[in-house]
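Visitor: The structure is given below, and queries will be raised subsequently.
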Amino acid sequence: MLQKWMDEDKRMSANEAVELFVSDGDSMVIANCLYGTPYALLHEVIRQHKKDLTVFQQGGIDELDQLLLGKCVSKLAVAYNFRVAGERIETVLERALRAGEVELEDYSNYTLLTMLQAGAMGYPFLPVMSGIRESDVYRVERAFKGQKFGEVECPFTGEKVAVVRGRNPDVAVLHVQRADKFGNAQLWGALINSKWACLASDKVIVSCEHIVDSDTITRTPHLTLVPGFRVCAVVEEPWGAHPSELLGFYDYDMPFRALFFMQTMSEEGGKAWMDEWIYGLDDRRVYLQHYCDRLGLDYLEELKARPFPSIPADYGCTGRGAWDEEDMSFNFQMKYDQFIQAMEEKGGFVDG
Amino acid sequence: MVRYTESEIIVANAAREIVDGDIVVIGQGIPMAAGVLAKATHAPNCIILTEAGLVGIDPFRNPLHIADPTCTHGYAYSCDMIDVFATIVNRGLVDVTFLGVGQIDRYGNMNSTVFGDYDDFHMRMMGAGGAPEFFGYARKAVLTMRGGRFVEKLDYVSSPGYLDGYDARERAGFPPGSGPKVLYSTRGVFRFEEESKEIYLDGLFPGHSREEVQAEVPWGLKVADELKTLPPPTLEEVDLIRHFAPEIAAGRRLQLELSLPIILEALTARSQEGNQ
């Protein structure tokens, strides 16, 4: 049975959250990619040397490389992983594959995410666009051999459709703009895989730019991506998605990423980067401090977003309750005690 | 005489593939520049979307990726990747999709996953991403190629085109009439034969020859009876492209050559400052 997470206050540090809720051998999904990538949480996973993870990765820029450099991953389902380097340079992923450290399964974006959508809905499988059968994405199997794609006959039309298996990762890691202490998490901007990745998973660790009171949440429920009862931990982590971007807070940090790609072109360079930016730092606060020491505070300032606020949605209504301030009912056109009397007269009460 | 770059002539011609009122799925790079150029010129009412769940975008600068803040400064419909594929792509609502080419064969099948043997690979590319479904289910696919290659046999089929040619694609169940329609390389334009679905050279960019093109194709490439010469981009077009996407105008190599030293210098200067 899927666990409900009902603790009223789930605030904790990234260190505690990862220690409590990520175990060696877990399957983990990075719940948003390209935009709002949960780097603070992922760096904590790496710092704690979590091993043997099965990772569902929709589309990565450099986060997957970092997990691979940290030797955290043994199995990988992936649809897209950014490549900057030309042909002659060996990427981090190529090195890990050639060393036999990781087994990979190639998916398309849609087929990968449909596995999580099916899992989120509690279905054993879901159909995908059947044209995928004509591709090697369908035919070539490795890490998920025998469990990658299937085919079923539609009971209504007899048509054969391709299906993927529903998947429920042990844990999803997500970074959002804001959440309350119960874990109601609000994300806006590119939503990509975030909702399905979270709802498919048994546990959701949320980090956020800031924790807000529940009034802010209940007055903007359309922004809530994942409800608190599915969230096991809430971590307040300003700049928690750096060097990716988050609307309303900061843009992506291109030079910082260029530094990563340049350094990781060699194995030694990769080690040095990991030592400097992950292992050598205790937490995100120290990371930011190191960033400012190393590259200058003004660099961070340059990334800060300028406001472009959304227009608030008016959730207003008459606000009329069953009984008004004079105890009158609009529907029955009588006062509360008249209503009770009418109930008595009409035999509305049972004898007991 | 308009001076233009290799990328600009591709962008300008690819943009003409968009008709006003089209729903267009685009990824980053040359395709995005083409989409934005079309919207700024002859197709103001086209709807541009990306698989990140952003629909009706109008980026103010060339995006680094399909979900970055240049795409989200005002857009009509915020949904997610499942919504885009299941409720837009699968319902046949996409008129045009643009895709970059890694490897392509004579029937327009494409590989964006791996060069060489799957396990003992020569190089891993970025992966299938959204390509198989966009390529499979859009009414028309426009391909752009810079640095990609023609091969007799793909190392890996990421995105099926016309399979073995003729009616193989329709028999396999893809929507009738869908599939790759045109490919722009740095040398010219290719289209697919009506019946056989084999790719052929349809036109050349100024200054290029069919021999040059044939040298890069490992089979006897078919050529249109009347080989066209494509127009260079107009002054208005190059101006728009350079203002919106100077990186794309410059091309990958020049872009790196121009911007890397600045990034490096900034990083070194700042780290020295920081160490003091």
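Visitor: Check off (1) buried (at least 22 other Cβ atoms within 10 Å of the Cβ); (2) within 14 Å of chain A (Cβ to nearest Cβ) for residue B:12 and give me the number that stays unchecked.
Guide: (2)
Visitor: Need a quick list: helices (runs of 4 or more DSSP H) entirely within region A:84-193 having at least 2 residues that are touching a Leu at 6+ places or on another chain (Cβ under 6 Å).
Guide: Correct list: A:92-98, A:109-121.
Visitor: Taking the criterion of being assigned to a loop (DSSP other than H, G, I, E, B), within 14 Å of chain B (Cβ to nearest Cβ) and surrounded by 14 or more Cβ atoms within 10 Å (Cβ to Cβ), would at least one residue in region A:304-326 satisfy it?
Guide: There is no residue in region A:304-326 that is assigned to a loop (DSSP other than H, G, I, E, B), within 14 Å of chain B (Cβ to nearest Cβ) and surrounded by 14 or more Cβ atoms within 10 Å (Cβ to Cβ).
Visitor: Okay, next question. So residue A:128 fits all but one of (1) over 23 Å from residue B:160 (Cβ atoms); (2) touching a helix residue (DSSP H, G or I) at 6+ places or on another chain (Cβ under 8 Å); (3) free of Cβ contacts under 8 Å to residues at least 60 places away in the same chain; what number is the exception?
Guide: (1)
Visitor: Quick test for you: out of B:92, B:127, pick the one residue that is of a type in the set (Gly, Ala, Ser), touching a strand residue (DSSP E or B) at 6+ places or on another chain (Cβ under 6 Å) and either farther than 21 Å from residue B:30 by Cα or buried (at least 19 other Cβ atoms within 10 Å of the Cβ) (or both).
Guide: From the options B:92, B:127, the qualifying one is B:127.
Visitor: I would also like to ask the following. Name the one entry in A:4, A:10, A:51 that is among the basic types (Lys, Arg) and free of Cβ contacts under 8 Å to residues at least 60 places away in the same chain.
Guide: A:51
Visitor: For region B:233-256, which positions are crowded, with 19+ Cβ neighbours inside 10 Å and among the β-branched types (Val, Ile, Thr)?
Guide: Within region B:233-256, B:238, B:241, B:248 meet the criteria.
Visitor: Hey, which of the helices (runs of 4 or more DSSP H) in region B:161-276, taking only ones fully inside, have at least 3 residues that are out of contact with any Pro (no Cβ under 7 Å at 6 or more places or on another chain) and either within 14 Å of chain A (Cβ to nearest Cβ) or closer than 30 Å to residue A:300 by Cα (or both)?
Guide: Working: elements: B:168-171, B:210-214, B:235-244, B:246-250, B:252-275.
Per the criteria, B:168-171, B:235-244, B:246-250, B:252-275.
Visitor: Just to be sure I understand the filter: pairs with C-beta atoms under 6 Å, separated by 6 or more residues or on different chains, first member in region A:292-304 and among the charged types (D, E, K, R), second member at pLDDT below 90. Which pairs pass?
Guide: A:293/B:274; A:294/B:271; A:294/B:274
Visitor: Tell me the helices (runs of 4 or more DSSP H) entirely within region A:1-83 that contain at least 1 residues that are more than 13 Å from chain B (Cβ to nearest Cβ) and polar (S, T, N, Q).
Guide: Numbers: elements: A:14-21, A:39-47, A:63-69.
Output list reads A:14-21, A:63-69.
Visitor: Sticking with this one: Evaluate the following for residue B:37: is it hydrophobic (A, V, I, L, M, F, W, C), within 14 Å of another protein chain (Cβ to nearest Cβ), within 18 Å of the chain's Cα centre (by Cα) and not in a loop (DSSP other than H, G, I, E, B)?
Guide: Spelling it out, it is not the case that residue B:37 is hydrophobic (A, V, I, L, M, F, W, C), within 14 Å of another protein chain (Cβ to nearest Cβ), within 18 Å of the chain's Cα centre (by Cα) and not in a loop (DSSP other than H, G, I, E, B).
Visitor: With the structure loaded, tell me whether residue A:300 is within 27 Å of residue A:177 (Cβ to Cβ), touching a Cys at 6+ places or on another chain (Cβ under 7 Å), surrounded by 13 or more Cβ atoms within 10 Å (Cβ to Cβ) and within 14 Å of chain B (Cβ to nearest Cβ) or whether it fails that test.
Guide: Numbers: within 27 Å of residue A:177 (Cβ to Cβ): yes; touching a Cys at 6+ places or on another chain (Cβ under 7 Å): yes; surrounded by 13 or more Cβ atoms within 10 Å (Cβ to Cβ): yes; within 14 Å of chain B (Cβ to nearest Cβ): yes.
Criteria met by residue A:300.
Visitor: Can you tell me which of (1) modelled with pLDDT of 95 or more; (2) out of contact with any Lys or Arg (no Cβ under 6 Å at 6 or more places or on another chain) is the one residue B:46 doesn't meet?
Guide: (2)
The values are calculated or read from the model by the stated rules, or taken from the named source; none is laboratory data. Please read all numbers here as calculations on a predicted model, not as lab measurements. So basically every Cβ, Gly included, is an ideal-geometry build from the backbone, and we count neighbours across all protein chains shown.
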